[in-house]
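Each remark here refers to the structure printed beneath this line.
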Amino acid sequence: MQIELLFRIAGIGILVTVISQILNRTGREDMAMLSTVAGLVIVLLMVINLVADLFSSVQSIFRLY
Amino acid sequence: MEIMQIAAFSVLAAFMALSLRKTNKEMSLVLSLGAGLVLLAAAVLKLADIVSALSELAASAHIQSGYLEMLLKIIGISSLSQLAAQTCRDAGEEGLAQKTEFAAKAVLLSLLIPIALSILQMILEVIP
């Protein structure tokens, strides 16, 4: 059970939200949007490893090649 | 006990996704997707033992291994398509979910057509 992964994703989400709100308040809205997108990309990269693992184990168990 | 780990993990993930939903909807979706993937991976690992036991049973019952493989492929395809469709629904894309399920049905049909044809041939041979 990768509890750390869950906490990492939630932590990155909260961090990105805080950064984007700060950037919004100080007027740099384009940077805020950029930081949100960057946070999303980072989190998606983390999840993609999980997806690859799941698909490979499903392929081997259910013999889907 | 593993069930307690699984239950605690999923409840924790649900709370975190809920708290992220207001501020950052995409992050909440990715969080729930990641947690769902971890849970599915645990389930699939459990299923590996069951599948090997089933294949031993089928071998001792002299069923051809191709039939068990076909059954497993059907289960695998439907589980994966359900995962994808449910993720689309969580993101609010009901149309994408329906189309994913429809594509999975097409894949399943293309898998089943050879068996259906061979059954029909056998029936036609029996009928004079």
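The values are calculated or read from the model by the stated rules, or taken from the named source; none is laboratory data. Keep in mind it's a predicted model, so treat the numbers as computed, not measured. Don't worry about glycine lacking a Cβ; one is built from the backbone with ideal geometry, like all the others, and counts go over all protein chains shown. Accessible surface is based on the protein model in full, side chains and every heavy atom, while ligands, DNA and RNA are left aside. Shrake-Rupley method; radii C 1.70, N 1.55, O 1.52, S 1.80 Å.
What to note about this one:
- According to the calculation over all Cα-Cα pairs in chain B, the P(r) per 5 Å bin from zero is 2, 9, 13, 14, 15, 14, 11, 8, 6, 4, 2, 1, 1, 0, 0 %.
- About the Cα centre, charge dipole magnitude for the protein assembly as shown (Lys/Arg +1, Asp/Glu -1 at Cβ), debye: 460
- Estimated from helices alone, the mean residue ellipticity of chain B at 222 nm is -32500 deg cm²/dmol (sum of -39500 (n - 2.57) over DSSP H runs with n ≥ 4, per residue).
- Within chain A, the ratio Rg/Rh, alpha carbon atoms throughout and Rh by Kirkwood, equals 1.22.
- Straight Cα distances below 15 angstrom link B:K22 to the aspartates and glutamates B:D90, with same-chain residues fewer than 8 positions distant left out.
- Relative contact order (%) - criterion: Cα under 8 Å, at least six apart; region: chain A: 24
- With N the number of residues in the range B:79-128, Rg(Cα) / (2.2 N^0.38 Å) evaluates to 1.74.
- On the basis of the beta-carbon distance and an R0 of 30 Å, B:I127 and B:E69 show a calculated FRET efficiency of 0.50.
- Trypsin sites (Lys or Arg not before Pro) within the range B:1-41, DSSP loop, no more than 10 other Cβ atoms inside 10 Å: B:K22
- Mean Cβ count within 10 Å, highest first, over the residues of peptides A:18-29, B:6-17: B:6-17, A:18-29
- Shape class of the range B:1-52 from the alpha-carbon gyration tensor: oblate, with a/c at 1.5 or above and b/c at least as large as a/b.
- With θ taken as phi - 60° and the Karplus curve 6.51 cos²θ - 1.76 cosθ + 1.60 applied, the whole-hertz 3J(HN,Hα) list for the range B:50-56 is 4, 5, 5, 5, 5, 5, 5 Hz, x standing for glycine and proline.
- As a fraction of the 1.4 Å probe accessible area of the protein assembly as shown, surface on carbon and sulfur atoms comes out at 69 percent.
- For the peptide B:63-72, the mean number of other protein chain Cβ atoms found within 10 angstrom of a residue's Cβ is 1.
- Mean separation of Cα contacts under 8 Å, 6 or more apart, over the residue count of chain B: relative contact order %: 14
- Whole-Hz couplings from phi, Karplus 6.51/-1.76/1.60, listed for the range A:7-18; x for Gly and Pro: 5, 5, 4, 5, x, 5, x, 5, 4, 5, 4, 4
- Rounded, prolate or oblate (a/c below 1.5 giving rounded, otherwise prolate when a/b exceeds b/c) for the protein assembly as shown by Cα gyration tensor: prolate
- Candidates per GluC sites (Glu not before Pro) in the range B:27-128, loop by DSSP, up to 15 other Cβ within 10 Å: B:E93
- For the range B:1-122, size of Cβ-based charge dipole, Lys and Arg +1, Asp and Glu -1, in debye: 320
- Peptide A:47-53 - average C-beta neighbours from other chains (10 Å radius): 4
- Distance between the range A:11-65 and the range B:7-66 - C-alpha centres, whole angstrom: 20
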